[in-house]
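Single-structure report; data block below.
The values are calculated or read from the model by the stated rules, or taken from the named source; none is laboratory data. Keep in mind it's a predicted model, so treat the numbers as computed, not measured. Note: ideal-geometry Cβ built from the backbone for every residue, glycine included; neighbour counts use all protein chains shown. With ligands, DNA and RNA removed, areas are computed over all heavy atoms of the protein, side chains included. Shrake-Rupley method; radii C 1.70, N 1.55, O 1.52, S 1.80 Å.
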Amino acid sequence: MRFTLKHQAVNSEARAGMLETDHGVIETPIFMPVGTAGSVKGIHVKELKEDIGAQIILGNTYHLYLRPGTAIIEEAGGLHKFNGWDGPILTDSGGYQVFSLGDIRKLTEEGARFQSHIDGSYHLFTPESVIGIQRKIGADIIMAFDECTPGDADYDYAKKSLALTQRWLERCCNEMAKTSPLYGHSQSLFPIVQGGVYADLRAAAAKHAVAVSSDGYAIGGLSVGEPEEMMYAMIEVVNPILPPDKPRYLMGVGTPVNILEAIDRGVDMFDCVMPTRNGRNGMLFTKKGIINIRNRKWADDFSPVDPDGTSFVDKQYSRAFLRHLVISNEMLGAQIASQHNLAFYLWLVKEARRQILADSFKNWKEEMVISLAERL
RNA sequence: GGGGAGAUACCAAAGUGGCCAACUGGGGCAGACUGUAAAUCUGCUGGCUCAUGCCUUCGUAGGUUCGAAUCCUGCUCUCCCCA
């Protein structure tokens, strides 16, 4: 895996780059659609590739391990073969589930004990086992096993949590070194910088992560309940410490505004469930602001879903029809909304890249941030 | 023609003397959602009011009672059974 910095903006930390993987090239900044269980919910591979323009998608270790199970994916020849997506794949390690599963998991030095949300059965994830599962899934980018520190964690908790994440990172690295890819393409491990909302912890975490030579670095534990300004502040602490010649991945973020603000601060990669989940729940993201398509005011609006949109669904369907589908709980409504939102997110980062390359990012961003936050 | 059951808010449906402006569903109207336990969850849904509160509501017209959606009588309508 190789990252090439194509252009560094002058009055911003924003960068345009190129990440080459064995499954294809990723132009950064990039948004990565989330396909937790191996599929981006409601979206065919053909739409992802041809209509939305996705360049890399996510899978999730926790979910795929529980169902269909690692053995089936290995038997299929890896996730690329299993789900038919032949572009790059990144798998999250299950660290976020350790955070979001709440009561049904317990952390120890060894790893995370948790109960399956499907059948209640007991399981143990360790840094070693999580690397092993991700080897079998065959992701191009493998995430370290971490604890996603909650946004409201106090200093002591964040410090202890960070120390655990750091010890786990070392174990992940050792396991990576002891094992090999199974399917003939290379796999890169990204460390995750934690540290809560505390600048000194974040800085220490970034330095510790950088000490591990890696093809890219992730910032985790943000947009998990802390104020947005705090998130931006933490990015500003971490990014100057991370090597400029490696991609930086802000995990789980976020809104279109969050993404532009983070790009402005030097982040290259993003993922978030918002475009798909919020889409299923009737929220559309557009250049001009946010639409709740369930609102009555769209009932007789026969204009296109998004006249500025790049997806074919944007002009194929009217707002009134999409509202009808979503209100009626027709599955096509969720599909159209998801497809629109993903296409919008991919357009957003592509346009950001274009603006960076044209040295006009900052002004464009300032204007976009205002209009994106509107409510239509 | 005879016998029986019933009429509650947008719909369905509880409630059968005071704890009822009225359970619960649905529908409607809004909101939330950030490395997906999510095609999920939350709130509101008679009127006025920021709220306490006040006013008008349980087919309809009367009556009993300190007090009625709830008890009594007339009327109207609906459904079921028998002829």
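Of all residues in region A:304-319, which are free of Cβ contacts under 8 Å to residues at least 40 places away in the same chain and surrounded by fewer than 16 Cβ atoms within 10 Å (Cβ to Cβ)?
A:Pro307, A:Asp308, A:Lys315, A:Gln316
State the number of residues belonging to region A:120-136 that are free of Cβ contacts under 8 Å to residues at least 24 places away in the same chain and crowded, with 17+ Cβ neighbours inside 10 Å.
So the count comes out to 1.
Do you know which residues across region A:318-337 are hydrophobic (A, V, I, L, M, F, W, C) and touching a strand residue (DSSP E or B) at 6+ places or on another chain (Cβ under 7 Å)?
A:Ala337
Does A:Leu242 satisfy the condition of being touching a helix residue (DSSP H, G or I) at 6+ places or on another chain (Cβ under 9 Å) and assigned to a strand (DSSP E or B)?
So A:Leu242 does not fit the description; no.
On the basis of being among the hydroxyl-bearing types (Ser, Thr, Tyr), modelled with pLDDT under 95 and either open to solvent by less than 50 Å² (accessible area, probe 1.4 Å) or part of a helix (DSSP H, G or I) (or both), does A:Tyr96 make the cut?
yes
Would you please name the residue that is nearest to A:Asp314 (Cα to Cα), looking only at residues in region A:41-70 that are within 10 Å of RNA strand B (Cβ to nearest atom) and among the β-branched types (Val, Ile, Thr)?
Restricting to residues being within 10 Å of RNA strand B (Cβ to nearest atom) and among the β-branched types (Val, Ile, Thr), the top hit is A:Ile43.
Please give the number of the condition A:Val224 fails out of (1) modelled with pLDDT of 95 or more; (2) over 22 Å from A:Glu366 (Cβ atoms).
(1)
Step by step: first the residues of region A:286-298, then only those that are within 11 Å of RNA strand B (Cβ to nearest atom) and open to solvent by 10 Å² or more (accessible area, probe 1.4 Å), then the one that is nearest to A:Phe190 (Cα to Cα). Which residue is that?
Restricting to residues being within 11 Å of RNA strand B (Cβ to nearest atom) and open to solvent by 10 Å² or more (accessible area, probe 1.4 Å), the top hit is A:Ile290.
Check region A:66-77 and report whether any residue there is open to solvent by 10 Å² or more (accessible area, probe 1.4 Å) and touching a strand residue (DSSP E or B) at 6+ places or on another chain (Cβ under 9 Å).
Checked against the condition, which is being open to solvent by 10 Å² or more (accessible area, probe 1.4 Å) and touching a strand residue (DSSP E or B) at 6+ places or on another chain (Cβ under 9 Å), region A:66-77 yields at least one hit.
Quick check: is even one residue across region A:211-219 within 16 Å of A:Ala158 (Cα to Cα) and either hydrophobic (A, V, I, L, M, F, W, C) or outside any loop (DSSP other than H, G, I, E, B) (or both)?
Within region A:211-219, one or more residues are within 16 Å of A:Ala158 (Cα to Cα) and either hydrophobic (A, V, I, L, M, F, W, C) or outside any loop (DSSP other than H, G, I, E, B) (or both).
Take A:Val224 and tell me if it is within 11 Å of RNA strand B (Cβ to nearest atom), within 16 Å of the chain's Cα centre (by Cα) and buried (at least 20 other Cβ atoms within 10 Å of the Cβ).
yes
What do you reckon, is A:Pro275 within 18 Å of the chain's Cα centre (by Cα), away from RNA strand B (no atom under 11 Å from the Cβ) and crowded, with 24+ Cβ neighbours inside 10 Å?
So A:Pro275 does not fit the description; no.
Looking at A:Leu242, A:Leu182 in this structure, which one is buried (at least 20 other Cβ atoms within 10 Å of the Cβ) and on the phi < 0 side of the Ramachandran plot?
Checking each option against the conditions leaves just A:Leu242.
Restricting to region A:262-271, count the residues that are within 12 Å of RNA strand B (Cβ to nearest atom) and open to solvent by 10 Å² or more (accessible area, probe 1.4 Å).
Qualifying residue count, region A:262-271: 1.
Of the residues that sit in region A:145-201 and are in contact with a Pro (Cβ under 9 Å, 6 or more places away or on another chain) and within 16 Å of A:Ile235 (Cα to Cα), which one is farthest from RNA strand B (Cβ to nearest atom)?
The residue in question is A:Val197.
I want to confirm something. Restricting to region A:140-172 and keeping residues that are more than 21 Å from the chain's Cα centre (by Cα) and acidic (Asp, Glu), which single residue is nearest to A:Gln55 (Cα to Cα)?
It comes out as A:Glu170.
With the requirement that a residue be in a loop (DSSP other than H, G, I, E, B), open to solvent by 10 Å² or more (accessible area, probe 1.4 Å) and more than 11 Å from RNA strand B (Cβ to nearest atom), what does region A:99-119 give you?
A:Thr108, A:Glu109, A:Glu110
Looking at region A:343-354, which of its residues are buried (at least 22 other Cβ atoms within 10 Å of the Cβ) and not hydrophobic (A, V, I, L, M, F, W, C)?
The answer is A:Tyr345, A:Arg353.
Among the candidates A:Ile219, A:Ile192, which residue alone is of a type in the set (Val, Ile, Thr), over 30 Å from A:Gly77 (Cα atoms) and in contact with a Leu (Cβ under 8 Å, 6 or more places away or on another chain)?
Working: A:Ile192 fails: over 30 Å from A:Gly77 (Cα atoms).
Result: A:Ile219 is the single residue among A:Ile219, A:Ile192 that is of a type in the set (Val, Ile, Thr), over 30 Å from A:Gly77 (Cα atoms) and in contact with a Leu (Cβ under 8 Å, 6 or more places away or on another chain).
Restricting region A:333-342 to residues that are within 11 Å of RNA strand B (Cβ to nearest atom) and closer than 14 Å to A:Ile293 by Cα, which is most open to solvent (accessible area, probe 1.4 Å)?
A:Gln335
Testing A:Val45 on (1) β-branched (Val, Ile, Thr); (2) more than 21 Å from A:Asp146 (Cβ to Cβ); (3) open to solvent by less than 40 Å² (accessible area, probe 1.4 Å), one condition comes back false. Which one is that?
(3)
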